[in-house]
Every structure is written in structure tokens, then in C-alpha cells.
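Student: Below is one structure. I have some questions about it.
The values are calculated or read from the model by the stated rules, or taken from the named source; none is laboratory data. Please read these numbers as outputs of a predicted model, since none were measured by experiment. Using ideal geometry, Cβ is built from the backbone for each residue, glycine included, and neighbour counts are taken over all protein chains shown. Just the protein is used for accessible areas: all its heavy atoms, side chains included, with ligands, DNA and RNA removed. Shrake-Rupley method; radii C 1.70, N 1.55, O 1.52, S 1.80 Å.
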Amino acid sequence: MPLPPKLGELLVRLGKITQEQLDAALEEQQRTREPLGQILLRRGYLDEATLAQVLADQQRAELVSLKEIEPEEAALRLLDPRFAREHRVLPLKIEGNRLVVAMARPSDLRLIDELRFRTGKEIEPKLAPDSEILEAIRRHYRELPEEEETPAQVEVIEHDLTLEGAPVVQLADAILREAMAARASDLHLEPEEHELKVRMRVDGVMTDLRTLPKEMEGPLAARYKVLAGLDIAEKRRPQDGHFTYFFEGRRLEVRIATVGALWGEAVVLRIIYPSGVRLGLEQLGMLPPEFEKFTRLLARPYGILFVTGPTGSGKTTTLYAALQHLYTPEKNFITIEDPVEFPLKGVNQIPVQPRIGLTFATVLRAVLRLDPDVVMVGEIRDAETLETALRAALTGHLVLATLHTNDAISTVSRLVEMGAERHLVASTLVGAVAQRLVRRVCPQCGRPSPLTPEEAAFLGEAAPEEERRGEGCGYCRGSGYKGRVGIYEVFTPDREIIRMIALGENETRIRDHAKARGHRGLKEVGLELVQRGETTVSELMRVLGTLED
């Protein structure tokens, strides 16, 4: 049986929209990742009734009118109203072991699997317009609140837990949604001897979310593993996977990693927010001197540019912003990533797969035969990858890569330690960017406050008398901080530094020369952010530690 035509092509073929309208909608879809139909409706290119009929024909689904159907109460009870509203699904009736549902996306096989898991029924999907589903949900789920779960509501769920069935699903959803509402980057399930600790990382700092009974450890872990398609029976060997989750109308990707620990199976969920990896270069937050240096480095036609910093410091976001800044259809862009964080328009993105021999080094060697102009290497982990990347930079390619170093200038020492020849480093290194993420002072409760003696000692003679500090409020959940801002150190080797690298001069001599010509280290850049009221000295101390410029 031939595959049905794509929605956009079908709409153009039927004369419902023009090719120009489709192209404009597809361009917006590349940016927003929204369903094409929603974009077409919002732009006014067609009405919902027409879209519903075309979708029904395309997906070979029966189109139903919810204005003429009264759902069975028993069917409605099978599905949580919040889930129904979030995913545009309305249960209609139960027929033996089948549940008939109206859906805005009846071809979404992952959603159908989720419905099968939640209800324990085989799913028979029908198509209905999005607005009709929402109106029917409001009409038939009269107890449906407009807000998210409150802590009191979550407590009711906790006290009604069973090891099998819907309550576990509801609790797993409530925990994940609470983490997403707090804009957490990671959600941790940490088994202890007599309880299960649930924590989340918000703005880089771990925060307790709740403590659950020990018996909930297995069911919760199993729930998240089912979503990611992992083996729920395997609890000792490490596993990893991912799943898609819809939250407040947005499609988020969640990556899961599990491993057997002393008191049970530890689970970590990493939440990928699309906006976090789609910043433009101007939105990164670099201060003007560093921004000007960085854009000059990106203008180089060939060579290698490193972005350095610890895990979770935003290196991938910076590289993505750099690629979007550089992008032009006249050039061939290729990335090698582990994993691919987010699709970039016009860029060939290749995930490494070590299990089948596709390492960074092997993929990079293959990529160089594909005539690239710009190559991004997600991480330089070994001497083989480094050697290949440096050779690529030497032969006319611009290579962007990440590396783990304390600061930008120590990149030179790190490359030599990994086995790179000094003359090759001197010939190819165009620059390095070191970065950290610090919490931003809450805009609602920030007030001028004097520095403590320890904070003044950390900054030395350059310490200001006071800083802007958050007192803690509802907006920032009592932390005094809301969001994060980057600290960027940009190292741009001049001719003298290139000569020093080739001759084997030590890092101290290189650092002294760079400072003499105006180079600013992470602490100096951080000090300016403190003076601007963006962050605090205690944040610099937490993130930079005893790091010396």
C-alpha cells in the first residue's frame, strides 16, 4: 500500500493552500517545531473544518463530530482530565477490551501506546477537530481545574498510591510536571535504605523535591522506563533512552539513564527545553569585549576553535549559536554529536554510536570525505579524535569542538597533554572560549547588600562595597535567584603567543602575555556581572572555586 502524501503536499494539491503559504509555514515549523496544521490555522491559511477533513482523508481516520456524541462516563473515568487536555484526547466509549477515543492526532503511535498503557485497553482512534475536543473536555470533565496541581492535590495522590494502575502513572506525571514547571534540567530518583528521595537540579543547584515510601521506588522507575522503551526487568545493568513529553503545549525531550545502586535502581531524567539550545549569538549574554572577540574568531575561514568548561556549563548551546551565526547555504555544515541535542536547519547532524564502532574519531574521518566547510565535534575525548580534528583544521576546514579545561588559556596545555604536537597546535588554534553558568539575581526581590569579608577577600582589591542580592520570594521559590547567566572568557592568540606555543613556552608565560594585552579571565568577567547586578560574589565562589585568572 503506498504511503499517504504529506499533509502540506496534499493541501497544495487539493488547492486548499498555496505553495508560498506552505513554504512560509514550513519555515516557521523549523523554528518552533509546532505541528504544521496548528501553524496553518494560526496564520489563517485555512479553517479548522477543512483541516480536519483533509487530515481524516490523509490518515484514513473516521472524522467524528463531538457535538453529536455523548461520551460514556465509564470511558471518561479511564483518563486523567489533565492528560486529556494536554494531549487533546477524549474517551468516548468502551467496547469490550477496546476504548474508542477522539484524538486530534490519530496517527500518533506513541500517544496511542501511552493511552494503551494508561487505560489497559486497546485503542480505536477517531479524528476530531482540536477545538471540539477541548470544548468537550471542558463540558464533560466538569471538575477539571484550570491550574496545575497544587502541593495539596499531589499529597492526595500520594496517599492513594497502589503499586499497579493509574495512581502510579499520575504520581510520575505530577513529579515530572513539577520539575518542568520549576524549569529543572534534571530529575533524580535516589533510592535510600528506607525511602526514595526525589530531587531536581534547578539553575545548576540540586534541590529536594519530595521523599516517597520505599515501595514506590520500583513502580516509578518502571513507569519512566516504559515511556523510554527500556527493559523494566533489568535493574542492575545501566540503561539509557529517551521519550517525548508534552508540557504546557510544548513538546519536550526527556533523556533517561538508570543504574543499579546500593539500595536500589537510581534514575536520572534530563529535560531538554528546545529554547535552551536555540539561542542566537546575541542572546548568549556575552559582555561586549568578549562578544567582539568571539565573532572575530568565528570569521576565520579555517582552524580550530574550542569551547571549554565542565559538564552542564552550556558548551553545546554556545556551539549551536555559533553554527546558526555562521550558517549560509553556500557552505556545507556537519556536526558530530553524542547525542544530537536539537535539529538545526541546513546542517547535517550525525550521532555517534560507540556500540557499533561509530566513535567521534571514526565518524570525523568519514565526514572529512564529505567535503565539509564547517565541522562541529561534540567532544574531543582522546588523542585519535584530537589528531584528526587538528589535521582537518590544517587542511582548510573550520572545526568547532568542546574540551574539558579549567579556563581558556589552559587549552594549550591540555592539547599538549593529550599528545598533540606543539607546531600543529600553533598552526591550527584560532582561539578558545571558557564558560560557566551562574545563577541570576531574582528581578523581583533583589536588593543592595554589603559583601561579607570572605566575598571581599575572594575578589581582592577589585571588590565593590556592595552587590545586588535576592532576599527570596515566591517568584524565585525563596532562592533569591531566577534563571542563569553565562560567564565567558575568550582567548585569542596573537602572533607572539603562537610563537610561544610552537617553542614550548610554559602556560604561565603565555598567561602573563595575554593579560598584558588585555585578556580577561573568568573571575574578571564575573566581577563585571556582579557590578551590573546580574549575579552575586557567592555564586562566583561556588562556580569558580579557587580558580586563578
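Student: Hey, any hits in region 40-53 for a residue that's at negative phi, among the basic types (Lys, Arg) and more than 33 Å from the chain's Cα centre (by Cα)?
Tutor: Within region 40-53, the subset at negative phi is 40-43, 45-53.
In the following step, the residues that additionally are among the basic types (Lys, Arg) were identified as 42-43.
Next, from what is left, pick out any that are more than 33 Å from the chain's Cα centre (by Cα): none.
Within region 40-53, none of the residues are at negative phi, among the basic types (Lys, Arg) and more than 33 Å from the chain's Cα centre (by Cα).
Student: Test of understanding: among Gly504, Gly521, Gly545, which residue is open to solvent by less than 40 Å² (accessible area, probe 1.4 Å), in contact with an Asp or Glu (Cβ under 6 Å, 6 or more places away or on another chain) and not acidic (Asp, Glu)? Outline the logic, then answer.
Tutor: Working: Gly504 fails: in contact with an Asp or Glu (Cβ under 6 Å, 6 or more places away or on another chain); Gly545 fails: in contact with an Asp or Glu (Cβ under 6 Å, 6 or more places away or on another chain).
Answer to the selection: Gly521.
Student: Here's a follow-up. If you check Glu114, Glu135, Glu124, Glu95, which single one turns out to be open to solvent by 30 Å² or more (accessible area, probe 1.4 Å), touching a helix residue (DSSP H, G or I) at 6+ places or on another chain (Cβ under 8 Å) and of a type in the set (D, E, K, R)? Spell out the reasoning first.
Tutor: On the way: Glu114 fails: open to solvent by 30 Å² or more (accessible area, probe 1.4 Å); Glu124 fails: touching a helix residue (DSSP H, G or I) at 6+ places or on another chain (Cβ under 8 Å); Glu95 fails: touching a helix residue (DSSP H, G or I) at 6+ places or on another chain (Cβ under 8 Å).
Unique residue meeting the criteria: Glu135.
Student: Looking only at residues that are assigned to a helix (DSSP H, G or I), under 18 Å from Leu134 (Cα atoms) and free of Cβ contacts under 8 Å to residues at least 60 places away in the same chain in region 54-82, which one is nearest to the chain's Cα centre (by Cα)?
Tutor: Ala75
Student: While we're looking at this one, here's another question. Mind checking which residues of region 164-209 are of a type in the set (Lys, Arg) and open to solvent by 40 Å² or more (accessible area, probe 1.4 Å)? Can you show your working first?
Tutor: Quick first cut of region 164-209, residues of a type in the set (Lys, Arg) only: 177, 183, 197, 199, 201.
Correct list: Arg183, Lys197, Arg199, Arg201.
Student: Give Asp494, Asp512 a once-over and let me know the one that is open to solvent by 80 Å² or more (accessible area, probe 1.4 Å), more than 27 Å from the chain's Cα centre (by Cα) and not polar (S, T, N, Q). First the steps, then the outcome.
Tutor: Values: Asp494 fails: open to solvent by 80 Å² or more (accessible area, probe 1.4 Å).
Just a single option satisfies the conditions, and that option is Asp512.
Student: Another one. Filter region 438-487 down to the residues that are surrounded by fewer than 16 Cβ atoms within 10 Å (Cβ to Cβ) and among the polar types (S, T, N, Q), then identify the one that is nearest to Gly309 (Cα to Cα).
Tutor: Thr452
Student: What are the residues in region 245-273 that are in a loop (DSSP other than H, G, I, E, B), open to solvent by 80 Å² or more (accessible area, probe 1.4 Å) and either closer than 28 Å to Arg105 by Cα or touching a Phe, Trp or Tyr at 6+ places or on another chain (Cβ under 9 Å) (or both), if any?
Tutor: Taking region 245-273 and keeping what is in a loop (DSSP other than H, G, I, E, B), we get 248-249, 262-263, 273.
Those left that are additionally open to solvent by 80 Å² or more (accessible area, probe 1.4 Å): 248, 262-263.
Across region 245-273, the qualifying residue is only Glu248.
Student: Additional query: Residues being out of contact with any Lys or Arg (no Cβ under 9 Å at 6 or more places or on another chain) and either outside any loop (DSSP other than H, G, I, E, B) or within 21 Å of Asp173 (Cα to Cα) (or both): count how many of those fall in region 228-244.
Tutor: Matching residues across region 228-244 total 2.
Student: Now, a different point. Could you tell me how many of the residues in region 94-133 are acidic (Asp, Glu) and within 28 Å of the chain's Cα centre (by Cα)?
Tutor: In the first step, residues of region 94-133 are kept if they are acidic (Asp, Glu); the result is 95, 108, 113-114, 122, 124, 130, 132.
Checking which are within 28 Å of the chain's Cα centre (by Cα) leaves us with 108, 113-114, 130.
Residues that pass the stated criteria total 4.
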